[in-house]
Amino acid sequence: MVIEVRLTLGKGVTPGNLGEKPAFRELKPEAWWSGSVSVKNLSKDDFIKKLEALSNELKFNFSGWIVTKEYDSFDYFFTRYPRKKYGPIADVREFSNVIERLAKEANGDFDIEDNSDSPRFRIVLGLRELYEESNKLHTIEEVRHELGDDFNLTKAEICAIRPQGKYTEPAVVITGDLSKIKKVYLLAEKFKQARFTVEDLYHDAAYTVETIHCKDPDKE
């Protein structure tokens, strides 16, 4: 069923000309937080095991993504995921404490991201249609073809670790000007994504967006 909703896109964006009958539901924004840990001399599998152990010990939800760098090193980014399906969202101060602990466990360096001084957004878009392993997997080249040159794209892997389990998926990190965010909304719908998270890096806010493909809408 299509959810009829308000569409409050980024500052300066209007809902006109969004395509043929798309429907997007934007959930209540939450305070934004984002940090990363740079990992060297540790395999991804071993790092994920440390994430799982820490998640279970602290009863903490890691919602993030991995970006591979040269010489088998990588960065793990995680944010204050605004979706409430997995329980209450931890306080911002708790995230700052957890990232220090994670960096220590992984023998890596950590960084807490500052907000942007210009109207920028970030969306980590999964590339698999509707989560199923057997479904079509899109590529970063397809994303670039659809969006053009107005966005920065980074190849990534979603890595969400919670006491209930883990979820991984090939993804692309999309950053750009808030005035152009409607193009990513439409791309998410076209690539059959059920939901995605908008990080408004200018207004220190993050919110979940559900598309017409979402079959299990969240309660606010």
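Is segment 93-111 home to any residue that is among the aliphatic types (A, V, I, L, M), within 13 Å of S34 (Cα to Cα) and not assigned by TED's automatic domain parsing to the domain that holds A206? It would help to see each step written out before you state the result.
Keep residues of segment 93-111 that are among the aliphatic types (A, V, I, L, M), which gives 98-99, 102-103, 106.
Filter once more, keeping what is within 13 Å of S34 (Cα to Cα): 98-99.
From what is left, the residues that are not assigned by TED's automatic domain parsing to the domain that holds A206 are 98-99.
Yes; the residues of segment 93-111 include at least one that is among the aliphatic types (A, V, I, L, M), within 13 Å of S34 (Cα to Cα) and not assigned by TED's automatic domain parsing to the domain that holds A206.
Take T211 and decide whether it is surrounded by fewer than 21 Cβ atoms within 10 Å (Cβ to Cβ), among the β-branched types (V, I, T), within 17 Å of the chain's Cα centre (by Cα) and on the phi < 0 side of the Ramachandran plot.
Judged against the criteria, T211 is not a match.
Checking E4 against (1) of a type in the set (D, E, K, R); (2) at pLDDT 90 or above; (3) exposed (fewer than 12 other Cβ atoms within 10 Å of the Cβ): exactly one of these is not met. Which one?
Status for E4: all satisfied but (2).
Would you pick out the residues in segment 195-207 that are touching an Asp or Glu at 6+ places or on another chain (Cβ under 7 Å) and either closer than 21 Å to L137 by Cβ or of a type in the set (V, I, T) (or both)?
Listed by number, the list holds a single entry, R195.
Which one is nearest to E169 (Cα to Cα) among residues in segment 98-143 that are surrounded by 14 or more Cβ atoms within 10 Å (Cβ to Cβ) and of a type in the set (G, A, S)?
Ranking the candidates gives G126 first.
Residues in segment 187-198: is at least one within 28 Å of I112 (Cα to Cα), touching a Cys at 6+ places or on another chain (Cβ under 6 Å) and free of Cβ contacts under 8 Å to residues at least 12 places away in the same chain?
Taking every residue of segment 187-198 in turn, none turns out to be within 28 Å of I112 (Cα to Cα), touching a Cys at 6+ places or on another chain (Cβ under 6 Å) and free of Cβ contacts under 8 Å to residues at least 12 places away in the same chain.
The values are calculated or read from the model by the stated rules, or taken from the named source; none is laboratory data. Computed from a predicted model, the values in this text were never measured in an experiment. Backbone-built Cβ (ideal geometry, glycine too); neighbour counts: all protein chains shown.
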